[in-house]
Every structure is written in C-alpha cells, then in structure tokens.
Amino acid sequence: MKKIAFFLLISLLLASCSQTDTSQESTTKSHYPVNREPLEPTPYLELPLGSIKAEGWLEDQLQRMAEGLTGHLDEVYPEVVGARNGWLGGDGDGWERGPYWIDGLLPLAYILDDARLKEKAQTWIDWTLNNQAESGYLGPIPFETEPEPEKGIQKGPREDWWPKMVMLKVLQQYYQATGDERVIASLTKYFQYQLKTLPEKPLDYLSLWANRRAGDNLMVVYWLYNITGDAFLLELGDLIQEQTFPWQKIYTNAENPVQFQDVWHYNKIKRFPFDPEEIGNLTLSKVPGLHTVNVAQGLKQPMVYFQKSKDSQALPAVKKALRDLQSFHGQAQGMYGGDEPLHGNNPVQGVELCSVAEEMFSLETILKITGDMEFADLLEKITYNALPTQVSDDYQTRQYFQAANQVELTDQLETSFEKTNHEGTDFVFGVLSGYPCCTTNMHQSWPKFVQNLFYATPDGGVAALLYAPSSVEMTVGHGAKLKVKESTGFPFRETIHFEIELSEEAAFPFHLRIPAWSQNPKIEINGKEEKFEVINQVAVLERIWKNGDKVILTLPMELKYSPWYQDLVSIERGPLVYSLKIESENKVKDRKDRFRAFWEVFPKADWNFALEANILSNLAEHVEIIEKDWSGDYPWNLENTPIELRLKGIHVPEWRTVKSAPQIPENLPKVITSNEIAERQREITLIPYGCTTLRITEFPVVKVK
C-alpha cells in the first residue's frame, strides 16, 4: 500500500507540473483571468457570472427559487432581511443572514437576467460600497452603545470579521457580472484595513466563526491579487492563514483516545494563538465532533492556501478528510451526520442544509484549483441527491436537517444533539424551523452549481466537468466566439448532447469529465465514434471545431450497492442514490411560537423493508430499471420522477419508529427461513433520493436459509 500511495503521489505531482507548464506557456491564449506569480496556476478558469445559463428542468429550478423564498425573502422575513438590516444602514440584524441571502440572490439574478432580482441585490451592493468607512471598514455601522436585544435578530457583533467574508464573495460575484470598478477600489481599501487591524484584532476576537471559515476571506484576497497585483495582498494572505483554524493539521492528526464529553466542545476551543496540545487532539472521527458547517467550509481552506504555499501535502490531507467524513459520519447521499456537531453515521442523524450548500461551494472551489475529478464526482452526488430533497418544490419551506432514513417528520424527533433550543423543529418543513441560518444560506447552492457547469482552460479551451441542461457563451482559441448548448436527461439518463456554435472555425481543446462510476464511456462527434484517451478522469478532444459540430457523450450507468452503518446497504446507479418510494401526507402545525407554522409529514404506506442478500450479488438480474416518459420537466418529486427501480423487498414489521425515527432495533431478523419469504416478500419501488421526502435509503440485509 505504501508503494501504491507513493506512486500515486508522484503521479499527482507530475500532473501538477504538467498543468503548470501548460498554463505558463499558454497565458497569452487565455481569455480569462489566471493566477499571477507566485500563485500556482490553476487548470480551470471561472467564467464571468451570467455566461452560463440553465435550461430545461434546471432553469425551472431557478425560476422556482425566483418565485419562492429566494426572490421574496425580504417580504417573508422582513424582520431580518428587510429595511432594518444593518447591511442596509438599519438598526436591526447586522450579522450573517443578510449577506447569506444576497450570496444566492445575486448569482440567481444574473444567471436568469432578472431585472427585479438584480434591483433587490443592487440595493445591498450600493449601500455596502457607498458607506465604507475612511479606515476601510466595510459593513454595518457599529453601535456606539449596546442596543436592546430583540428576539430572533442578531444585531451584532457588527465588527466581527465573519459576516464580512460572505459579503466579500457577494462583491466578487457582482464584479464578475458587471465589471463595476467600485468593487476593486473598495476591496483594496478593506484589505488594507484588514492588514493593519488583524494583528491587534485577530479573526476570532469577537467570535470563533471567522477563524474556522477564513478560507472564504483568503479566496477573495487571492482573486483581487490576480486583478491588481498589489503585493500587500500576499502579505495579508499569509496573516489570514496564520490566524485560521489549522484544518490541514487536524485532517492529518493521528487517531487518539481523547473523547469530548461536552457536546459543544467545538465552541470552547482556545482561540488564536491556538493551543498545540488541544489542536493535536482534534480529528474528524470524534463524536461529538467539530461543527458541521465549519467542517464543510474548512474543506476548501488548505487548497486555497495551496496556491501560495504549493504544499504537496495539502491535497492528500483534504482527500483524507473526505474519506474520514464518509467513514465516521457518512451517509449514502454523499453528506455526513452533523446536527450540529459531527454525530456519526447512523442514517437517522441530521444533515444540515447549510452544510450541503457550503460543501458544494468548497468542492467547486477545490475543483478549479486542482482539476481533480474526484471532487466533481462527489459534488454531483451531493447536488443530485442531498440538495433537491431538503427544500420544498415551491421553494417556500425547507428542512434544517435531513437524514438518509426519515419516515416521519414531526416535532417529536430527538435524534440530533440539538434537542433543546430548536424545540423539536429540526426535521419539519418550515420557514424558520430549526435555526434560521439555512433560510438565508440555502440560496447559493443551485446558482453556484450552474456557474460551475463550464470552465475555460488556460490554453483557450472549454471544459464541461459537471453535467446538466445548460448553455454557455465564451471566447476560445485565438478569439472565436463559442456557444455550447448542452441537452441532457442527466443524471437520470446516460447521454449528454453538446451542440457547438462558432463565429469561425477554431482549434481548441474540449475537456469532458468521465466519472469514476462509468465504465466504457463513448464519445461521438458528428455521428462518428471518436477514439479518446482518459487521463485523470478527463477526455480532451483536440481538433479544429466548426460551427454546427455535435458531440454526444454516453456514460453507461450500472447498478451497484454500497455498505453503510451496521451493514446497511444502499442502491446506486451513476450519480444517483435510490430510496424507497413512500407516499406521504402533510399536516400543518402552528404552535404560535418563534418557529412559525410548519409542515409535518407522515407515511401512508409501509416503509419497513429489508433487502435479500442474494439480490445484492446480482442486481442486474433482480432489479428492473424503468425509464418513465419524461419531457425534461422538473423531476424532483414522487409524481415526476423520471426513473424507478423495482425489486423484491422483505417486510420487517419488527422495525418501528422510536419518536418518529426509524432506529434499527436489536431484534431485527438477519436470517429468515425460505418458508417466511412468501409472507414477507413484496415488490417495492425505489426512486432517486432527490425525488423523495420520506424515504429509506440505507436498508437492512437479511439472508434466507
């Protein structure tokens, strides 16, 4: 194993050197910003916001957001993101929730080219840019005297570095969409203020959140450096790195017997300068563990700093972190149990919606920096499984926590660490149920996914590394104007069609990702099968392209099962995980409290099924794949699901809910007689995880004797 690991590391380093040489030689060909020296060149370059458009069901998804909470949150939640918000000059909420909302609203507005949404976002942009202090301070005006507290409103701390980091991302995206030079001047002034102030007021002087999430800050510092070349930004980057929670060290710490008794230990770790012994005891295996959203955001940090450090151990450390999260806390949909501290891999543990949004963004960031398709595979898995199910179809309500196995969503659920403060509302569907951070932070997920469907390459090419119905307009080759229209039923279908429109014939590379789960992929160009080589999961098509060229990528999907908690198994096909189809009914409940009215969800059919062991040994023989008639419309519910799996399940009535949770009982049979099969066996239907509300995803396995 050590020899294999060594050769893998050498391969990665050689690939990195190859990408570096290509990037440096091709800088003059690049039509989009690249990393300046001394930053490490990246293999893929982000396109201006608005260059990529969603189509088909994905456009429908964005429109639902525009018509739902994303486009109307200031009307639904005015006490926090209305006119009193501190980021609009008001005396109300002045912390993270306002910037969170705009971090999703702004990219949605420019992707849809929606004037109404742009106007809403512009109000926040203009106030922020027009009210910067002479010192360079950016954000809500600090109070001269401590204000009276108001329930549900986070008035401060207004000078906390953390909420500024969210607004930095907003301003970066706004500049990418508009080229408004005020952003460059404002960020330059703010970063000069940071460089001057951080030595006396470090990242965590007001709260821990900034030191955990400072990768977001560093990312924008390097982005601005690539535009201005100001050397002080590199100095600031090193200072931010010094004060940032040492994620890379924690990822590589040796396992140790230290066990934290306090559920909220993550909140009591010494701040900067960090205690070496305390940091040395931290690993991702602990239960209770680190804060789930901090973990999701921290994943990107070593790779963001890698651009400056060129530390060859950064990438292996991040990959180890992902392996550990899956091993110790993982669930089948690609996420991990954390409610709110990391909480193990029992499939009834909660997965916070903010964690989904932030891990997606971390993976998108890492993908551009490394060009490593392992991150793209995981990103698609999370996007097409965990993301759609946690928000209602009309984008008006959401769950704070979801779980791989959830069969009854009520305020009686007590599986999470957070039992008291949220008063049982973590799993129900509401606007303010659980904790309101997700009500404002969830909006970034789909728009940023769209923004990462295509990239430019430093040598004038185009890359499609994530697949969904979409189109892109960009510059390639020596200045040719390219439009690519991507038509596909992916992730429910195996084929992806690309139609190319060009202003002139042009030679450029077209990168296509080949997922690790797909065997024997096929590429056709203008109806003829193309021979191609796959290197590091990427096929690069080099040719002189012409207007009207057509490319068809076929990614065969095979059924497989994956093992999870206590020998439970899940069924997968391609990027999709499949769950038991459970008809349900919603019941509104209003307790007249701060959580507002919410929906509880109850099953209308049996859910307690196991799978036979012999079925798993030959899924292709025992599972019928049914591709339903589908026009490409919105797919994410029981009625519209484009695909189903049908197979025999074993009914196990011994499996019952415990306070609404389908906890695995000790008396669950693991072996049954052949005589019992006739009584227990039933046909069951599995559908994509993202199409479900109630579900069993991780199934017990029984043997027949």
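The values are calculated or read from the model by the stated rules, or taken from the named source; none is laboratory data. The structure presented is a predicted model; accordingly, all values stated were derived computationally and were not measured. Cβ sites come from the backbone with ideal geometry, for glycine too, and all protein chains shown count toward neighbours. Ligands, DNA and RNA are stripped out before the accessible areas are found, and what is left, the full protein with its side chains, is counted by its heavy atoms. Shrake-Rupley method; radii C 1.70, N 1.55, O 1.52, S 1.80 Å.
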Quiz item: Restricting the search to the stretch 521-536, which residues are without any contact (Cβ under 8 Å) to a residue 24 or more places away in the chain and touching a strand residue (DSSP E or B) at 6+ places or on another chain (Cβ under 6 Å)?
Solution: Glu530, Phe532
Quiz prompt | Number of the condition not met by Trp636 [criteria: (1) in contact with a helix residue (DSSP H, G or I) (Cβ under 6 Å, 6 or more places away or on another chain); (2) open to solvent by 10 Å² or more (accessible area, probe 1.4 Å); (3) among the aromatic types (Phe, Trp, Tyr)] | solution = (2)
Quiz item: In this structure, does Val601 turn out to be modelled with pLDDT of 95 or more, surrounded by 16 or more Cβ atoms within 10 Å (Cβ to Cβ), more than 30 Å from Pro78 (Cα to Cα) and not basic (Lys, Arg)?
Solution: no
Quiz item: Can you name every residue in the stretch 169-196 that is more than 26 Å from Pro447 (Cβ to Cβ) and either among the charged types (D, E, K, R) or surrounded by 19 or more Cβ atoms within 10 Å (Cβ to Cβ) (or both)?
Solution: Lys189, Gln194, Lys196
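With respect to Asn536, determine if the residue is open to solvent by 40 Å² or more (accessible area, probe 1.4 Å) and in contact with a helix residue (DSSP H, G or I) (Cβ under 7 Å, 6 or more places away or on another chain).
So Asn536 passes the test.
If you go through the stretch 655-673, how many residues are open to solvent by 30 Å² or more (accessible area, probe 1.4 Å) and either assigned to a helix (DSSP H, G or I) or in contact (Cβ under 8 Å) with a residue 24 or more places away in the chain (or both)?
So the count comes out to 8.
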Exercise. Could you tell me whether any residue of the stretch 298-311 is buried (at least 18 other Cβ atoms within 10 Å of the Cβ), more than 25 Å from Val34 (Cβ to Cβ) and modelled with pLDDT of 95 or more?
Key: yes
Exercise. Could you check the stretch 443-506 for strands (runs of 3 or more DSSP E) lying wholly inside it with 2 or more residues that are surrounded by fewer than 24 Cβ atoms within 10 Å (Cβ to Cβ) and free of Cβ contacts under 8 Å to residues at least 24 places away in the same chain?
Key: 480-488
Quiz item: Which condition number in (1) in a loop (DSSP other than H, G, I, E, B); (2) under 26 Å from the mean Cα position of the chain (by Cα) is the one that Val601 fails?
Solution: (1)
Quiz item: Inside the stretch 326-343, can you point out the residues that are open to solvent by 10 Å² or more (accessible area, probe 1.4 Å), over 16 Å from Tyr251 (Cα atoms) and at pLDDT 95 or above?
Solution: Gly334, His343
Practice problem: Name, by its number, the condition in (1) open to solvent by less than 10 Å² (accessible area, probe 1.4 Å); (2) of a type in the set (Gly, Ala, Ser); (3) assigned to a loop (DSSP other than H, G, I, E, B) that does not hold for Gly424. | Solution: (1)
Exercise. Look at Ile125 and say whether it is more than 23 Å from the chain's Cα centre (by Cα) and open to solvent by less than 10 Å² (accessible area, probe 1.4 Å).
Key: yes
Self-check item: Qualifying residue in the stretch 242-251 (condition: of a type in the set (Val, Ile, Thr) and either open to solvent by 50 Å² or more (accessible area, probe 1.4 Å) or out of contact with any helix residue (DSSP H, G or I) (no Cβ under 8 Å at 6 or more places or on another chain) (or both))
Solution: no
Quiz item: With respect to Pro157, is the statement that it is modelled with pLDDT under 95, farther than 28 Å from Val450 by Cβ and either open to solvent by 10 Å² or more (accessible area, probe 1.4 Å) or not charged (D, E, K, R) (or both) true?
Solution: no
Self-check item: So Leu363, is it open to solvent by less than 10 Å² (accessible area, probe 1.4 Å), in contact with a Lys or Arg (Cβ under 9 Å, 6 or more places away or on another chain) and closer than 21 Å to Leu322 by Cβ
Solution: yes
Exercise. Search the stretch 674-698 for residues being touching a strand residue (DSSP E or B) at 6+ places or on another chain (Cβ under 7 Å) and open to solvent by 10 Å² or more (accessible area, probe 1.4 Å), and hand back the single one that is modelled with the lowest pLDDT.
Key: Ile677
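Could you name every one of the helices (runs of 4 or more DSSP H) located completely within the stretch 1-119 that has at least 2 residues being modelled with pLDDT of 95 or more?
56-67, 69-76, 78-81, 97-112
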Quiz item: What number of residues within the stretch 534-564 are under 27 Å from the mean Cα position of the chain (by Cα) and assigned to a strand (DSSP E or B)?
Solution: 12
Quiz item: Which pairs do you get when a residue that is within 21 Å of Ala66 (Cβ to Cβ), found in the stretch 377-398, comes within reach of a residue that is polar (S, T, N, Q) and surrounded by fewer than 22 Cβ atoms within 10 Å (Cβ to Cβ), reach meaning Cβ atoms under 6 angstrom, with the pair 6+ apart or on two chains?
Solution: Asp393/Asn637
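Let's see how each residue does on (1) more than 26 Å from Phe417 (Cα to Cα); (2) part of a loop (DSSP other than H, G, I, E, B); (3) of a type in the set (Gly, Ala, Ser):
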| residue | (1), (2), (3) |
| --- | --- |
| Asn211 | no, no, no |
| Asp230 | yes, yes, no |
| Leu233 | yes, no, no |
| Ile269 | no, yes, no |
Quiz item: Do the conditions hold for Asn526, that is, is it among the polar types (S, T, N, Q) and in contact with a Lys or Arg (Cβ under 8 Å, 6 or more places away or on another chain)?
Solution: yes
Quiz item: List, please: which pairs have Cβ atoms under 7 Å, are six or more places apart or on different chains, and start with a residue in the stretch 115-135 that is touching a residue at least 24 places away in the same chain (Cβ under 8 Å) and end with one that is surrounded by 17 or more Cβ atoms within 10 Å (Cβ to Cβ) and outside any helix (DSSP H, G or I)?
Solution: Thr128/Leu138; Gln132/Leu138
Self-check item: Selection within the stretch 566-598 - in a strand (DSSP E or B), open to solvent by 10 Å² or more (accessible area, probe 1.4 Å) and over 30 Å from Thr495 (Cα atoms)
Solution: Ser584, Glu585, Asn586, Lys587, Val588, Lys589
Practice problem: Could you tell me whether Ile523 is within 25 Å of the chain's Cα centre (by Cα) and open to solvent by less than 80 Å² (accessible area, probe 1.4 Å)? | Solution: no
Self-check item: For Pro563: the one exception among (1) under 25 Å from Phe328 (Cα atoms); (2) surrounded by fewer than 16 Cβ atoms within 10 Å (Cβ to Cβ); (3) in contact (Cβ under 8 Å) with a residue 60 or more places away in the chain
Solution: (3)
